[in-house]
Amino acid sequence: MSRDIETNAKRRGRARLAWAALAGLVSAGVFLAAAELVALFVARDGGPILAVGSFVIDIVPRWAKEFAIATFGDNDKPVLLITLAVAVAVAAAVIGVLQYLRPPLGVIALGVAGALSTAAIVTRAGATSLAWAPPVVGTIAGVVVLVLLVRRLHRWRDAAIRDVEGRGSDVVGVGDPRPAAVLEGVDRRAFFRLAGISAASALVVGLGARVVNAATSSIAAVRKALRLPAPSSRVVVPTGAELDIPGISPLFTSNRDFYRVDTALTVPSVDPSAWRLMVDGMVDRRIELTFDDLVGMGLDEFAITLTCVSNEVGGDLLGTARWLGVPVREVLRRASPQAGADMVLSRSIDGFTASTPLEALTDDGLDAILAVGMNGEPLPLEHGFPVRMVVPGLYGYVSATKWLTELKVTTFAADEAYWTPRGYSAKAPIKLSSRIDTPRIDKALSPGPTIIAGVAWAQPVGIERVEVQIDDGPWEDAVLSTPINRDTWVQWYLEWEATAGTHYVAVRATDRNGMLQIEERTPIAPDGSTGWQRTLLRVS
Ligand SMILES: Nc1nc2c(c(=O)[nH]1)N[C@H]1C(S)=C(S)[C@@H](COP(=O)(O)O)O[C@H]1N2
Ligand SMILES: [Mo]
């Protein structure tokens, strides 16, 4: 009788080794899922599965590659991935068993595997500065799940041992009055519950992230391969346009630093070869353009400062880029808008719409464009690839439609855009404004010569003057950089002899029409914030 119980217990002990292997597999699944999820946000190519696959492709000797291609042909990559998956699964099972039998050996092995995959990822060509994040976060998540699962497995084992030892007497003497067999059931269920939840979450999160990443990054490859024709004209940057002052906003905002605002939960994937622009509504001729048609109209480069209506006083939701594109007026001219139309409703593939006054798009003196390039490269995916609108002088939400698909010529009376029923004006010219970039409010300053500097903008009128006031002193004229054009911001600075103590610095701008920036503070809704920026500086 007692021998029966013992062999039974041994059998169950061996079964628990299989559950330890399962714990390892689940932890590996959590590792991969967490890494894929992080990769989606910080480093598109940083997912460990494909990265390690690419790493293997890079390091296997040529004969092995040739053997694989000769043997498996077009299936060589799937075969590689399957082989890799099997290897990972075996290693994960071993790690689970190690952690069960000899903790913390499993954790250490998992940590080493994580470090190796991180090395494989960050040494890849084109790895971004955050490429380490997916495997590192994945490793941490995997270790946590492994530790928790094996701890539950140990508790289950201990309860089972007590159960065997305690047969005959009903109660185990560990302070819990419940029978040992009941406790064993509780611990077993705790293990399987955690294993089940972890495995299911890893599956859903990992596959979801992978699918989204694959769907969008194939467009990333298309974009990378895209060569835009050279523009027939380039932006001329006059000397003195860019001030060399530490802490000031660069004259051109890099694509990487350019603010991003949109309603898209995931970045839409639009293949230029499938892209079409419909121009319809109140037009004599409905037209449809392909990407080649558009680019074939001839590209020019335009410097324009884009501004978001959500920019608060002192905020950074604006940026200046060299946009490569075709004037909207040339496209509209082909369709020939009808009399009575006063608005163009531009539509994005994701359903977003913007209402732009027709004359802002047809005026010969305004460079409203359909942009395909940004700072010398095709539009980044997040900034509207392959085609977006950029209109000088209007906030982005009423003009700068990304992932553009349609221009509907219509009237403000007949149509309304995405933000109009949501509390924002149907028309929204950019309000002239100015910002202090340096010194920052949190910067420790010492007495002596100090440069106060920033940017000011009044698209499409241009900035005439920027004034700075220190404490209750007079408004002093700041020195302005040479403007590129009226559609871009200017930089400004003022030299100041800082004295110890607390000071207020305020800035205000005047545009070329002689209009002074509005002093009174108003919120961003319904048509943009106003107010002079005033910051506090501490000098000691
Ligand atoms: N499809 C689409 N286009 C859009 C938006 C959007 O939500 N969806 N937001 C607009 C707003 S509010 C602004 S300020 C600009 C921002 O452009 P950016 O993200 O390239 O800086 O895009 C505009 N174009
Ligand atoms: Mo915006």
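The values are calculated or read from the model by the stated rules, or taken from the named source; none is laboratory data. Only a predicted model underlies this, so the values are computations on that prediction, with no experimental measurement involved. Note that each Cβ is placed from the backbone with ideal geometry, even for glycine, and that neighbours are counted across all protein chains shown. Calculation scope for accessible area: heavy atoms of the full protein, side chains included, ligands and nucleic acids excluded. Shrake-Rupley method; radii C 1.70, N 1.55, O 1.52, S 1.80 Å.
Looking at (1) hydrophobic (A, V, I, L, M, F, W, C); (2) under 27 Å from T253 (Cα atoms); (3) in contact (Cβ under 8 Å) with a residue 60 or more places away in the chain, which is the only condition V539 fails?
V539 satisfies all of (1) hydrophobic (A, V, I, L, M, F, W, C); (2) under 27 Å from T253 (Cα atoms); (3) in contact (Cβ under 8 Å) with a residue 60 or more places away in the chain except (2).
When you check E382 against the structure, is it charged (D, E, K, R), more than 16 Å from ligand 2 (Cβ to nearest atom) and either outside the structural domain of G454 (by TED's automatic domain parsing) or open to solvent by 40 Å² or more (accessible area, probe 1.4 Å) (or both), yes or no?
When the stated conditions are applied, E382 does not pass them.
Name every residue in region 361-371 that is open to solvent by 10 Å² or more (accessible area, probe 1.4 Å) and touching a strand residue (DSSP E or B) at 6+ places or on another chain (Cβ under 8 Å), in order of residue number. Walk me through how you get there before you give the answer.
From region 361-371, those open to solvent by 10 Å² or more (accessible area, probe 1.4 Å) are 362-367; that's our starting set.
Hits for region 361-371 are T362, D367.
Go through region 389-402 and give me each residue that's under 19 Å from the mean Cα position of the chain (by Cα) and either small (G, A, S) or under 12 Å from R260 (Cβ atoms) (or both).
Of everything in region 389-402, those that are under 19 Å from the mean Cα position of the chain (by Cα) and either small (G, A, S) or under 12 Å from R260 (Cβ atoms) (or both) turn out to be G396, A400, K402.
Tell me yes or no: at least one residue of region 421-430 is touching a Ser or Thr at 6+ places or on another chain (Cβ under 8 Å), of a type in the set (S, T, Y), open to solvent by 40 Å² or more (accessible area, probe 1.4 Å) and under 30 Å from A339 (Cα atoms).
We begin by selecting, within region 421-430, every residue touching a Ser or Thr at 6+ places or on another chain (Cβ under 8 Å); these are 426-427, 430.
Add one more test, that the residue is of a type in the set (S, T, Y), and what stays is none.
Among the residues of region 421-430, not one is touching a Ser or Thr at 6+ places or on another chain (Cβ under 8 Å), of a type in the set (S, T, Y), open to solvent by 40 Å² or more (accessible area, probe 1.4 Å) and under 30 Å from A339 (Cα atoms), which makes the answer no.
Say we look at region 349-380 and pick out the residues that are hydrophobic (A, V, I, L, M, F, W, C) and more than 21 Å from the chain's Cα centre (by Cα); which of these is nearest to ligand 1 (Cβ to nearest atom)?
Filtering region 349-380 down to residues hydrophobic (A, V, I, L, M, F, W, C) leaves 349, 352, 354, 358, 360-361, 366, 368-372, 374, 379.
Restricting the remaining residues to those that are more than 21 Å from the chain's Cα centre (by Cα) gives 354, 358, 360-361, 366, 368-370.
On the way: A354: 7, L358: 19, A360: 15, L361: 15, L366: 18, A368: 14, I369: 14, L370: 13 Å.
Going through the qualifying residues, I end up with A354.
Pull up region 242-266, narrow it to residues that are surrounded by 18 or more Cβ atoms within 10 Å (Cβ to Cβ) and of a type outside the set (D, E, K, R), then point me to the one that is nearest to V212 (Cα to Cα).
Let us first name the residues in region 242-266 that are surrounded by 18 or more Cβ atoms within 10 Å (Cβ to Cβ), namely 243, 248-249, 251-253, 258, 262.
Still in the list and also of a type outside the set (D, E, K, R): 243, 248-249, 251-253, 258.
On the way: L243: 42, I248: 37, S249: 34, L251: 35, F252: 32, T253: 28, F258: 23 Å.
Here the residue is F258.
Could you tell me whether any residue of region 385-407 is outside the structural domain of R440 (by TED's automatic domain parsing), farther than 25 Å from G528 by Cα, aliphatic (A, V, I, L, M) and open to solvent by 20 Å² or more (accessible area, probe 1.4 Å)? Spell out the reasoning first.
First, the residues of region 385-407 that are outside the structural domain of R440 (by TED's automatic domain parsing): 385-407.
Those left that are additionally farther than 25 Å from G528 by Cα: 385-387, 405-406.
If we keep only those that are aliphatic (A, V, I, L, M) as well, we get 387.
Next, only the ones that are open to solvent by 20 Å² or more (accessible area, probe 1.4 Å) stay: none.
Scanning region 385-407, I find no residue that is outside the structural domain of R440 (by TED's automatic domain parsing), farther than 25 Å from G528 by Cα, aliphatic (A, V, I, L, M) and open to solvent by 20 Å² or more (accessible area, probe 1.4 Å), so the answer is no.
Pick from region 294-323 the residues that are within 16 Å of ligand 1 (Cβ to nearest atom) and open to solvent by 30 Å² or more (accessible area, probe 1.4 Å): which of them is modelled with the highest pLDDT?
To start, the set of residues in region 294-323 that are within 16 Å of ligand 1 (Cβ to nearest atom) comprises 302-312, 315-323.
Narrowing further to those that are open to solvent by 30 Å² or more (accessible area, probe 1.4 Å): 310, 312, 316-317, 322.
Details: S310: 92, E312: 94, D316: 93, L317: 95, R322: 98.
Looking at the filtered set, the residue picked out is R322.
Could you list all residues from region 223-241 that are of a type outside the set (D, E, K, R) and open to solvent by 50 Å² or more (accessible area, probe 1.4 Å)? Lay out the reasoning, then the answer.
Keep residues of region 223-241 that are of a type outside the set (D, E, K, R), which gives 225-226, 228-233, 235-241.
Selection gives A225, P229, A230, S232, V236, V237, T239.
Can you tell me which condition R329 does not meet? The list is (1) out of contact with any strand residue (DSSP E or B) (no Cβ under 6 Å at 6 or more places or on another chain); (2) more than 21 Å from L394 (Cβ to Cβ); (3) basic (K, R), and all the others hold.
Unmet for R329, out of (1) out of contact with any strand residue (DSSP E or B) (no Cβ under 6 Å at 6 or more places or on another chain); (2) more than 21 Å from L394 (Cβ to Cβ); (3) basic (K, R): (2).
Provide a single number: the residues in region 449-473 that are touching an Asp or Glu at 6+ places or on another chain (Cβ under 9 Å) and open to solvent by 30 Å² or more (accessible area, probe 1.4 Å).
6
So R334 fits all but one of (1) open to solvent by 10 Å² or more (accessible area, probe 1.4 Å); (2) within 16 Å of ligand 2 (Cβ to nearest atom); what number is the exception?
Among (1) open to solvent by 10 Å² or more (accessible area, probe 1.4 Å); (2) within 16 Å of ligand 2 (Cβ to nearest atom), the lone unmet condition for R334 is (2).
Pairs under 8 Å by beta carbon, first residue modelled with pLDDT of 90 or more in region 198-210, partner of a type in the set (S, T, Y), six or more apart or different chains?
S198/S27
Residues being closer than 19 Å to E359 by Cβ and either away from ligand 1 (no atom under 14 Å from the Cβ) or not in a loop (DSSP other than H, G, I, E, B) (or both): count how many of those fall in region 427-450. Steps first, answer last, please.
First, the residues of region 427-450 that are closer than 19 Å to E359 by Cβ: 427-430.
Imposing the further condition that a residue be either away from ligand 1 (no atom under 14 Å from the Cβ) or not in a loop (DSSP other than H, G, I, E, B) (or both) reduces the set to 427, 429.
Matching residues across region 427-450 total 2.
Going by the structure shown, is P460 of a type outside the set (D, E) and part of a helix (DSSP H, G or I)? Write out each step before concluding.
On the way: of a type outside the set (D, E): yes; part of a helix (DSSP H, G or I): no.
Against the criterion (of a type outside the set (D, E) and part of a helix (DSSP H, G or I)), P460 does not qualify.
V211: in the same structural domain as A141 (by TED's automatic domain parsing) and over 25 Å from G96 (Cα atoms), yes or no?
Working: in the same structural domain as A141 (by TED's automatic domain parsing): yes; over 25 Å from G96 (Cα atoms): yes.
Taking the combined requirement at face value, the residue satisfies it.
Would you confirm whether or not region 493-502 contains a residue that is within 31 Å of the chain's Cα centre (by Cα), surrounded by 14 or more Cβ atoms within 10 Å (Cβ to Cβ) and touching a residue at least 24 places away in the same chain (Cβ under 8 Å)? Lay out the reasoning, then the answer.
Let us first name the residues in region 493-502 that are within 31 Å of the chain's Cα centre (by Cα), namely none.
Within region 493-502 (the criterion being within 31 Å of the chain's Cα centre (by Cα), surrounded by 14 or more Cβ atoms within 10 Å (Cβ to Cβ) and touching a residue at least 24 places away in the same chain (Cβ under 8 Å)), the answer is no, since none of the residues qualifies.
Working carefully through the options R508, R512, R486, find the one that is touching a Pro at 6+ places or on another chain (Cβ under 8 Å) and within 24 Å of T320 (Cα to Cα).
Numbers: R508 fails: touching a Pro at 6+ places or on another chain (Cβ under 8 Å); R512 fails: touching a Pro at 6+ places or on another chain (Cβ under 8 Å).
Exactly one residue qualifies, and that residue is R486.
In region 337-348, how many residues are open to solvent by 10 Å² or more (accessible area, probe 1.4 Å), out of contact with any Asp or Glu (no Cβ under 6 Å at 6 or more places or on another chain) and either free of Cβ contacts under 8 Å to residues at least 24 places away in the same chain or within 14 Å of ligand 1 (Cβ to nearest atom) (or both)? Before you say what the answer is, go through the steps one by one.
Looking only at region 337-348, we keep the residues that are open to solvent by 10 Å² or more (accessible area, probe 1.4 Å), and these are 337-342, 347.
Keeping just the survivors that are out of contact with any Asp or Glu (no Cβ under 6 Å at 6 or more places or on another chain) gives 337-342.
Retained after the next criterion (residues that are either free of Cβ contacts under 8 Å to residues at least 24 places away in the same chain or within 14 Å of ligand 1 (Cβ to nearest atom) (or both)): 339.
Counting residues in region 337-348 that are open to solvent by 10 Å² or more (accessible area, probe 1.4 Å), out of contact with any Asp or Glu (no Cβ under 6 Å at 6 or more places or on another chain) and either free of Cβ contacts under 8 Å to residues at least 24 places away in the same chain or within 14 Å of ligand 1 (Cβ to nearest atom) (or both) gives 1.
Pairs under 9 Å by beta carbon, first residue under 21 Å from V387 (Cα atoms) in region 404-429, partner basic (K, R) and within 16 Å of ligand 2 (Cβ to nearest atom), six or more apart or different chains?
Taking only residues 6 or more apart or on different chains, the pairs are L404/R388.
For region 237-254, which positions are without any contact (Cβ under 8 Å) to a residue 24 or more places away in the chain and either within 22 Å of L306 (Cβ to Cβ) or of a type in the set (K, R) (or both)?
From region 237-254, those without any contact (Cβ under 8 Å) to a residue 24 or more places away in the chain are 244, 250; that's our starting set.
Within region 237-254, P250 is the sole residue that qualifies.
Checking the structure you have, find out if any residue of region 61-81 is modelled with pLDDT under 90, touching a helix residue (DSSP H, G or I) at 6+ places or on another chain (Cβ under 6 Å) and of a type outside the set (A, V, I, L, M).
yes
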